[in-house]
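In what follows, a structure is listed as structure tokens, so that the remarks can point back to it.
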């Protein structure tokens, strides 16, 4: 079964559901490890820096967003790691997944921004198309 | 040291050079447009962008950040150029640099944390609005063809990036539409109508101004405003680059670097500049991380002007205006509308006030200063509410004080007591309060003495150690013959 699962998270409702599915998949194999990956989006950097007092507050607000996800994984006693990456979410997740040779990528079908999705296409779609391992898109 | 130079310059050579080229292409229209805003020849902005980018590559504190001629600075210098001309602008640029070096040496950047985010959001928004307003004369009511060219430019810059990512869309718009306008002989105003392009490197010159106190009086107010606004935008930009790259940078050496760049820039005929948010984001997105990207941007920009100067003057103004409309839309903080609804009333008010003052005065520094003062006033009024709760216990009375006791809150504090009690034991508990200054101690004296007049026995308790030290030093109610005038 899958030993190394990449779980793409952004703190949204969809990524919380994706977390649940990742936990199910992880429960199938002994010693499975989930790596929750959060991409700090380049195109939102200006907004986020402008709307936070300083570095520490920004860091804290990002961690806070992911706390429900962490709590969920912790409650099931599954080994996990939280990784912050920077760039454009789709390509960054693809590159990381391929480079670190994950066995499975789990991702929510939709992120926080439906308008951007309409204009740019969804991150999950891009990821599914270009990642080399199986991808689970959670509705 | 060698290790650091290697990392900051040569750890990312290929991507840095490519990103620098992309930035240079995106810089040219902005440098020209900002020169036009300032009311000087396009060369002044182009020389500035070349000088600043090249120098900051060596002396800046934030590798990968792009500095050049900017809109925020250009807007500040308009009246100076109009009244006194280019040479005074160059002198003001040099003085701006000197002030920024002083800011860097004395670590003034630390004071930036006193600028609330409401003011920073207001700053960014008013900058966007002013850049947009500066474009209006270049397309409004000129000709139908002008509107068509602005429209096509906007379509290109917003749609093309969905398909072509390697070449900046504004460049595609410029090349395509300039060719079309040359071949069709379209009747449009061009960059050449607003100033000449010299195909030569900048040379050293000393601004032709009288070296007198009179000159200093003229340029100093502009220089100080330029220094503050330049530092503000540079530090905001460096925070954004820090966040995008997940690395730290030295804010004080950035301030000093901006100063050095502006001093040299002024001697080579460039207008004052600072870091640019938009261009820095483009640089990082294109893969630029090191100092080499900034250097390449500056050098390649100058190379293009020397080689292609003849063509640059033929760029139609409506195309430039269209690109600048895109820049202003990108600069505006669209999350502000949400902020106005969600943020505390007073913060929203500070943000709006900053924008309104800048738009009314066309001076970013005035808006920032007014915004900072306004939020300081709001802050003081917020923390100056003090609560005094009265508990009657048998014949004794206990007052519990909660809040900050200082000059702005003493009135509320004294008013909270009723002085009707006679011959009782009164306890005032300061466990949840803090005493800040002489006026606060004076107010305590006033209350205590007033009660003592009516034969009450007053006890003060619960002072924290800092408050107690202040009260012990300044209070007079324990003296045998106290007089309130001592405060």
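Which residues, counting only those in region B:256-303, are within 14 Å of another protein chain (Cβ to nearest Cβ), within 19 Å of residue B:165 (Cβ to Cβ) and part of a helix (DSSP H, G or I)?
Start the filter on region B:256-303 by keeping residues that are within 14 Å of another protein chain (Cβ to nearest Cβ), which leaves B:275-289.
This time we only want the ones that are within 19 Å of residue B:165 (Cβ to Cβ), so: B:278-289.
Within region B:256-303, B:278, B:279, B:280, B:281, B:282, B:283, B:284, B:285 meet the criteria.
Restricting to region A:72-95, name every residue that is assigned to a helix (DSSP H, G or I), more than 14 Å from chain B (Cβ to nearest Cβ) and within 15 Å of the chain's Cα centre (by Cα). Give the steps one after another, and end with the answer.
Taking region A:72-95 first, the residues assigned to a helix (DSSP H, G or I) are A:72-75, A:89-95.
After this cut, where a residue has to be more than 14 Å from chain B (Cβ to nearest Cβ) as well, the list is A:72-75, A:93-94.
Those that are assigned to a helix (DSSP H, G or I), more than 14 Å from chain B (Cβ to nearest Cβ) and within 15 Å of the chain's Cα centre (by Cα): A:72, A:73, A:93, A:94.
Take residue B:196 and decide whether it is in a loop (DSSP other than H, G, I, E, B) and in contact with a helix residue (DSSP H, G or I) (Cβ under 8 Å, 6 or more places away or on another chain). Walk me through it before giving the result.
Values: in a loop (DSSP other than H, G, I, E, B): yes; in contact with a helix residue (DSSP H, G or I) (Cβ under 8 Å, 6 or more places away or on another chain): yes.
Against the criterion (in a loop (DSSP other than H, G, I, E, B) and in contact with a helix residue (DSSP H, G or I) (Cβ under 8 Å, 6 or more places away or on another chain)), residue B:196 qualifies.
Determine whether region A:121-136 contains at least one residue that is modelled with pLDDT under 85 and loosely packed, with under 14 Cβ neighbours inside 10 Å.
Yes: one or more hits.
Could you please give the count of residues in region B:244-255 that are part of a helix (DSSP H, G or I) and either surrounded by 21 or more Cβ atoms within 10 Å (Cβ to Cβ) or within 10 Å of another protein chain (Cβ to nearest Cβ) (or both)?
Of the residues in region B:244-255, 5 are part of a helix (DSSP H, G or I) and either surrounded by 21 or more Cβ atoms within 10 Å (Cβ to Cβ) or within 10 Å of another protein chain (Cβ to nearest Cβ) (or both).
Among the listed residues B:160, B:150, identify the single one that is within 14 Å of chain A (Cβ to nearest Cβ), touching a helix residue (DSSP H, G or I) at 6+ places or on another chain (Cβ under 8 Å), surrounded by 15 or more Cβ atoms within 10 Å (Cβ to Cβ) and more than 23 Å from residue B:270 (Cβ to Cβ).
Working: B:150 fails: within 14 Å of chain A (Cβ to nearest Cβ).
Of the residues listed, the single one that is within 14 Å of chain A (Cβ to nearest Cβ), touching a helix residue (DSSP H, G or I) at 6+ places or on another chain (Cβ under 8 Å), surrounded by 15 or more Cβ atoms within 10 Å (Cβ to Cβ) and more than 23 Å from residue B:270 (Cβ to Cβ) is B:160.
Report, by residue number, each residue of region B:231-243 that is closer than 17 Å to residue B:372 by Cα and either in contact with a strand residue (DSSP E or B) (Cβ under 7 Å, 6 or more places away or on another chain) or away from chain A (no Cβ under 11 Å) (or both).
Residues satisfying the conditions are B:231, B:232, B:233.
Among the listed residues B:131, B:98, B:115, B:142, identify the single one that is crowded, with 23+ Cβ neighbours inside 10 Å and touching a residue at least 24 places away in the same chain (Cβ under 8 Å).
Values: B:98 fails: crowded, with 23+ Cβ neighbours inside 10 Å; B:115 fails: crowded, with 23+ Cβ neighbours inside 10 Å; B:142 fails: crowded, with 23+ Cβ neighbours inside 10 Å.
So the residue among B:131, B:98, B:115, B:142 that is crowded, with 23+ Cβ neighbours inside 10 Å and touching a residue at least 24 places away in the same chain (Cβ under 8 Å) is B:131.
Suppose we filter region B:66-90 for residues that are touching a helix residue (DSSP H, G or I) at 6+ places or on another chain (Cβ under 7 Å) and assigned to a loop (DSSP other than H, G, I, E, B); how many remain?
3
Could you list, in sequence order, the residues of region B:304-313 that are in a helix (DSSP H, G or I) and surrounded by fewer than 20 Cβ atoms within 10 Å (Cβ to Cβ)? Outline the logic, then answer.
Kept after step one, since they are in a helix (DSSP H, G or I), are these residues of region B:304-313: B:304-312.
B:304, B:306, B:307, B:308, B:309, B:310, B:311 - these are the residues of region B:304-313 that are in a helix (DSSP H, G or I) and surrounded by fewer than 20 Cβ atoms within 10 Å (Cβ to Cβ).
Report yes if residue B:45 is assigned to a loop (DSSP other than H, G, I, E, B) and over 19 Å from the mean Cα position of the chain (by Cα), otherwise no.
When the stated conditions are applied, residue B:45 does not pass them.
Would you point out which residue out of B:63, B:170 is in the same structural domain as residue B:186 (by TED's automatic domain parsing), surrounded by 18 or more Cβ atoms within 10 Å (Cβ to Cβ) and not in a helix (DSSP H, G or I)? Lay out the reasoning, then the answer.
Details: B:170 fails: not in a helix (DSSP H, G or I).
Only one candidate qualifies: B:63.
Would you pick out the residues in region A:16-57 that are within 14 Å of another protein chain (Cβ to nearest Cβ) and part of a loop (DSSP other than H, G, I, E, B)?
A:51, A:52, A:53, A:54
The values are calculated or read from the model by the stated rules, or taken from the named source; none is laboratory data. What you see is a predicted model; the values in this text were computed from it and never measured. Positions of Cβ are backbone-derived with ideal geometry, glycine not excepted, and every protein chain shown enters the neighbour counts.
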